[in-house]
Amino acid sequence: MSDKTLTLNQFRTLRKDAWWKEPLLVVVVLGGFAIYATWAAFQNAHYYVAPYLSPFYSPCLAENCDHLTLPLVGSWWNLSPAFLILWVPGGFRATCYYYRKAYYRSFFLSPPACAVRDAAKNYSGESRFPFLLQNLHRYFFYLSIVILVFLWWDAILAFRFPEGFGMGVGTIVLIVNAFLLTLFSLSCNSCRHISGGYLNSFHSAPLRYKFWSFVSRLNLRHMEYAWVSLIWVALTDLYVRLLSMGVIHDLRFF
Ligand code: FES
């Protein structure tokens, strides 16, 4: 390869395979999700249709909510209640170790793939602002567990129709959503750390060892859980939204 070719080849790689496919897919899916979630949060409408509450608005904390979960914020809040909540799962995913790898590669081309040179000339890692904030991941994990409890509560409430106990497709949609987000949260590296990863020895903590082993097995599939739960949570909001708008109808089993 001549020097001229090297200067023209922006990424300077000898790889001949389609290494760009994965970062491109991440841009499309993650970028698409970010756009949809932001749009849905700004809507401030069609996030509740009895008995289903969109996960983008749960828990609903402001008095202006269509379906109030906890009245923590008074009537002075006149923006979308989603803004009170979405920064938690958003921050949790943004600081996730797996997503960091995915979006550093795809959005920042840093580097775009293995054996493909960085687009940026300098590399400062995560030692500067705003990347220093990635260290907050474990705190976002703690907050996300609180949100997760509310999402399971919503899934239970999804059996409580205005006319009484029942079950519809939406009930299953909300249960699957809570389940997938549980898998995503339990497989988190921070969860693995606090469940026993920080111990020097499991000798005197056999139960901790069992739990840590379980979390470690989930951790192997963290990437899969990250994507499936991301897509499902958006589909859950879409399902509730379309129901609320009257575009589709919920199929009731009983
Ligand atoms: S959520 Fe991915 S590492 Fe914690």
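FYI, it's all coordinate maths here, none of it is from the lab. For clarity, every value in this text was computed on a predicted model and none was experimentally measured. Using ideal geometry, Cβ is built from the backbone for each residue, glycine included, and neighbour counts are taken over all protein chains shown.
Test of understanding: in a Gaussian network model of the chain with alpha carbons linked when under 10 Å, which of TYR57, TYR48, TYR209 would top the mean-square fluctuation ranking?
In the Gaussian network model the winner is TYR209.
Alpha carbon centre of segment 97-139 versus segment 25-93: separation in Å?
27 Å
Can you give the charge dipole size of the chain about its Cα centre, rounded to the nearest 20 debye, using +1 on the beta carbon of Lys and Arg and -1 on the beta carbon of Asp and Glu?
Its charge dipole is roughly 1140 debye.
At 222 nm, what value in deg cm²/dmol follows for the chain if DSSP H runs of at least 4 each add -39500 (n - 2.57) and the sum is divided by all its residues, to the nearest 500?
Per the formula, -16500 deg cm²/dmol.
Top mean-square fluctuation among PHE83, PHE165, PHE92, Gaussian network model of the chain, C-alpha springs under 10 Å?
PHE165
For helix 97-106, report the angle its Cα long axis makes with the longest principal axis of the Cα atoms of the chain; keep it between 0 and 90° and round to the nearest 10°.
Taking Cα atoms only, the helix is inclined about 60 degrees.
Taking Cβ-Cβ under 4.7 Å as the only way to count a partner, pick out the unpartnered cysteines of the chain.
Cysteines of the chain left without a disulfide-compatible partner: CYS96, CYS114.
Which distance in nm do the two modelled labels at HIS193 and ARG100 give, with both placed 7 Å along the Cα-to-Cβ direction?
For HIS193 paired with ARG100, the spin-label model returns 0.9 nm.
Please give the helix 21-43 orientation as an angle from the longest Cα principal axis of the chain, in degrees from 0 to 90, rounded to the nearest 10.
So the helix axis and the longest Cα principal axis differ by about 30 degrees.
Please determine, in degrees from 0 to 90 and to the nearest 10, the orientation of helix 206-219 with respect to the longest principal axis defined by the Cα atoms of the chain, where the helix direction is its Cα long axis.
70 degrees
Could you check which residue among SER75, SER110, SER124 shows the biggest mean-square fluctuation in a GNM of the chain with a 10 Å Cα cutoff?
Maximum among the listed residues: SER124.
Modelled label-to-label distance, ARG138 and TRP39, 7 Å Cα→beta-carbon offset: nm?
Here the modelled spin labels are 3.9 nm apart.
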